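Data block below; observations after.
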Amino acid sequence: MRVALGVTGGIAAYKSAELLRLLEERGLEVQVVMTAAAREFVSPLTFAALSGRKVITGLFGPSAGDANLESAIEHIAVAQSIDALVIAPATADVVAKIAHGLADDFLTTLVLATRVPIVVAPAMNVNMWENAATRDNLEVLRRRGIRIVEPEEGYLACGMTGAGRLASLESILDAVCGVLGMADDLNGETVLVTAGPTEEPIDPVRYLSNRSSGKMGYAIAEAGRRRGARVILVSGPTRLDPPAVTLLPVRTAEEMAAAVFENLKDASIVIMSAAVADFRPVRVESGKIKRNEGSRTLQLEPTEDILAGVSRRRAPGQLVVGFAAETDRLLENARAKLIAKQLDLVVANDVTAEGAGFDVDTNIVTFVFPDGRTIPLERMSKFDVAGRLLDEIAALRKNRVAVHSA
């Protein structure tokens, strides 16, 4: 995910360099935008060195001679490429401009051009903070849905004491993660995720497989990483770029089972989203089967039921989640899997439904729980499904801890 960090002209601008580092530590790409006044306090070179990216300092380039079409519409390109905008510190002047819809530099133009969540962390003199104009402007921003991170009280650079000091960087970081759906509620957890198909060889060039793309499992792995978990991703063959987690690539169901069971002891949460082949050829030919050899009969045998094996081996306190990809009797089959394999949650989806199932970017699922509850979700991106799933898992984990602590 990509965030724009707006830095305005206040003494607290030096703290934005540390905020940049914290955002990057959470796996976010950061594009820094500085106002002219901010450059009087911190050099753009500082942010460029920390981010490894060009710092945007104006609408038309460093000088009029550098202006071109690309620089003239860069604010639109940035607006369309980011997932959130945070302005820290935000001066009283910039707060006023945003409230009144002014756009006389790159940052304020970006505010008007983007539709992503905006976080504003004001920092200013206590009298400016308490001024009626500033209070009215902040109320306008709040009504528009902009998240305001209130400044703290304390000794200010001007020598006065009171409200106006930039909020703690942790508070600003929490606000940004909040609008991005990146809660830190899985910090300390180890999540074992399976993803993708398996391939069961017939001969050196052919195999049995299915249409799974791995997108759902990869989305779960990325969402877990963003929420602070250590993630182990056991993946069958896919064409996806892996997230920044521990990746264990496998090919066959046998290899996936071995990788899962080897790492099971380290996991506090297990999410089995892979589409594992149910059958494999009894015999794998050593050479390519030729067409002119005539009709062939392919004898199959069941592969190991990895999810059932996980249930048998699970340690006390482990949460185990399964997926049920069905073509009929969706909830009936999902509940049967839930009971038979003693799962904490089953994610059921009808793979024949439009916008759901294999090799698409969206999914339509229903969460099925042991207590009989079901939570149907509307069609949404697989990453959003992953987020909702982790919300439920975090709630189950919290309730389980509360019960054991009672």
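Conditions tested, residue by residue: (1) outside the structural domain of residue 22 (by TED's automatic domain parsing); (2) more than 16 Å from the chain's Cα centre (by Cα); (3) hydrophobic (A, V, I, L, M, F, W, C).
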| site | (1), (2), (3) |
| --- | --- |
| 147 | no, yes, no |
| 199 | yes, yes, no |
| 209 | yes, yes, no |
| 219 | yes, no, yes |
| 233 | yes, no, yes |
| 237 | yes, yes, no |
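Residue-level analysis places residue 116 among those that are assigned to a loop (DSSP other than H, G, I, E, B), β-branched (Val, Ile, Thr) and surrounded by fewer than 24 Cβ atoms within 10 Å (Cβ to Cβ). Determine, yes or no, whether residue 206 is among the charged types (D, E, K, R) and under 20 Å from residue 392 (Cβ atoms). So residue 206 fails the test.
Residue count for the range 151-175 under the criterion of being out of contact with any Pro (no Cβ under 8 Å at 6 or more places or on another chain) and modelled with pLDDT of 90 or more: the result is 6. For the range 279-334, name all the residues that are part of a loop (DSSP other than H, G, I, E, B) and buried (at least 17 other Cβ atoms within 10 Å of the Cβ). 303, 314, 318, listed by residue number. Condition check for residue 398 on (1) in contact with a strand residue (DSSP E or B) (Cβ under 9 Å, 6 or more places away or on another chain); (2) within 20 Å of residue 267 (Cβ to Cβ): one failure, at (1).
Of the candidates 77, 121, 96, the single residue that is modelled with pLDDT under 90, closer than 20 Å to residue 34 by Cβ and either in a helix (DSSP H, G or I) or not polar (S, T, N, Q) (or both) is 77.
Identification of strands (runs of 3 or more DSSP E) wholly contained in the range 343-406 with 2 or more residues that are of a type outside the set (Ser, Thr, Tyr) and crowded, with 19+ Cβ neighbours inside 10 Å yields 345-350, 366-368.
Quick one: in the range 124-144, which of the residues that are assigned to a loop (DSSP other than H, G, I, E, B) and either in contact (Cβ under 8 Å) with a residue 60 or more places away in the chain or touching a Cys at 6+ places or on another chain (Cβ under 9 Å) (or both) is farthest from residue 174 (Cα to Cα)? Among those that are assigned to a loop (DSSP other than H, G, I, E, B) and either in contact (Cβ under 8 Å) with a residue 60 or more places away in the chain or touching a Cys at 6+ places or on another chain (Cβ under 9 Å) (or both), it is 125.
Against the definition (touching a residue at least 60 places away in the same chain (Cβ under 8 Å) and in contact with a Leu (Cβ under 8 Å, 6 or more places away or on another chain)), how does residue 321 come out, yes or no? Taking the combined requirement at face value, the residue satisfies it.
Residues in the range 349-406 that are more than 19 Å from residue 219 (Cβ to Cβ) and among the β-branched types (Val, Ile, Thr) were compared, and the one that is modelled with the lowest pLDDT is 403.
Taken over the range 174-207, the criterion of being buried (at least 18 other Cβ atoms within 10 Å of the Cβ) and closer than 22 Å to residue 277 by Cβ is satisfied by 192, 193, 194, 195, 196, 197, 198, 199, 200, 202, 207. Candidates 223, 253, 267, 257: the one that is modelled with pLDDT under 95, under 20 Å from residue 320 (Cβ atoms) and not assigned by TED's automatic domain parsing to the domain that holds residue 26 is 223. May I ask you to list pairs of residues, at least six apart or on different chains, whose Cβ atoms are under 9 Å apart, with the first in the range 286-301 being closer than 19 Å to residue 252 by Cβ and the second being of a type in the set (Phe, Trp, Tyr) and in a strand (DSSP E or B)? Close Cβ pairs satisfying both conditions: 300/279; 301/279.
One residue is enough: does the range 209-229 have a residue meeting the conditions within 28 Å of residue 384 (Cβ to Cβ), outside any helix (DSSP H, G or I) and of a type in the set (A, V, I, L, M)? Yes, the conditions are met somewhere in the range 209-229.
The values are calculated or read from the model by the stated rules, or taken from the named source; none is laboratory data. Keep in mind the model is a prediction, meaning the values are calculated, not measured. Here the Cβ is made from the backbone with ideal geometry for all residues, glycine too, and neighbour counts use every protein chain on show.
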